[in-house]
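Notes follow the structure.
The values are calculated or read from the model by the stated rules, or taken from the named source; none is laboratory data. Remember, it's a predicted structure, so these values are computed and weren't measured experimentally. A quick note on method: Cβ atoms are made from the backbone with ideal geometry, for glycine too, and the neighbour counts reach across all protein chains shown. In case anyone asks, the SASA skips ligands and DNA or RNA and just uses the protein heavy atoms, side chains included. Shrake-Rupley method; radii C 1.70, N 1.55, O 1.52, S 1.80 Å.
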Amino acid sequence: MLHHHRLWNSLNRAFKGGRLPVFYDPAYRLPLPTLGGITGMEARRADFALWYLLDLKIIRSEDVLTPSVISWADAQRVHSEALLESLTLPETLTRIFPIQADSLPADELIKAFRLGCGATLSGARLALRRQGPVVNLWGGFHHAEPDKAGGFCPINDIAIAIAALRESGFRGQINIL
């Protein structure tokens, strides 16, 4: 419990008097019930993080923002059209997620990742406008490469957000935690 107390004090000092925008959507809950048993990855981790932040009053419910699905045009800043098209195929998804093809809800799964990517891009733009931190509870899909998905990452939200910011003329430093 001491660790939680220190975290709360740190966050409280960092955002005292300010607001911390947090992107979250219930679709962040991965529709892969067997994933935890196979990999140890908790499908509801974004839910738990949100509940924790709300319970400790680090954020308020009005600080929670709903993301929009990233467009394929935004994703094409970084990824090939062939990769993006392949994300609808069960054989591609079974290479990214160690789940049987017949138990993969492809549309629902890709929507969750597109929401996470949309939140990273919107969060990056919002951070620039407000000159302060923004949190996305479902992002960091850094294993995806321009022509290859992998490591539980169908598309790379971080690279997409950086490419979009650079394309719009931002030349400053970008910090991602």
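Loop only per DSSP, at most 13 neighbouring Cβ atoms within 10 Å: give me the trypsin sites (Lys or Arg not before Pro) in the stretch 103-177, ordered by residue number.
Of the trypsin sites (Lys or Arg not before Pro), the ones in loops of the stretch 103-177 whose Cβ has at most 13 other Cβ atoms within 10 Å are Arg171.
Quick one: pull the percent of accessible area on the stretch 41-131 belonging to carbon and sulfur, 1.4 Å probe, ligands and nucleic acids left out. Intermediate results must be reported in sequence, preceding the final value.
Working: 2510 of 4850 Å².
Roughly 52 percent of what the probe reaches on the stretch 41-131 is carbon or sulfur.
For the stretch 40-177, what does the alpha-carbon gyration tensor say about shape, rounded, prolate or oblate, given a ≥ b ≥ c as the root eigenvalues, a/c under 1.5 as rounded, and a/b over b/c as prolate? Don't skip to the answer; put the middle values down first.
On the way: a/c = 2.30, a/b = 1.22, b/c = 1.89.
Verdict is oblate for the stretch 40-177.
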### Förster radius 25 Å - calculated FRET efficiency between Arg129 and Asp47, Cβ distance, rounded to 0.05
0.35
### Task
Can you work out the accessible area per residue across the stretch 60-129, with the rest of the protein chains kept in place, probe 1.4 Å, in square angstrom?
50 Å²
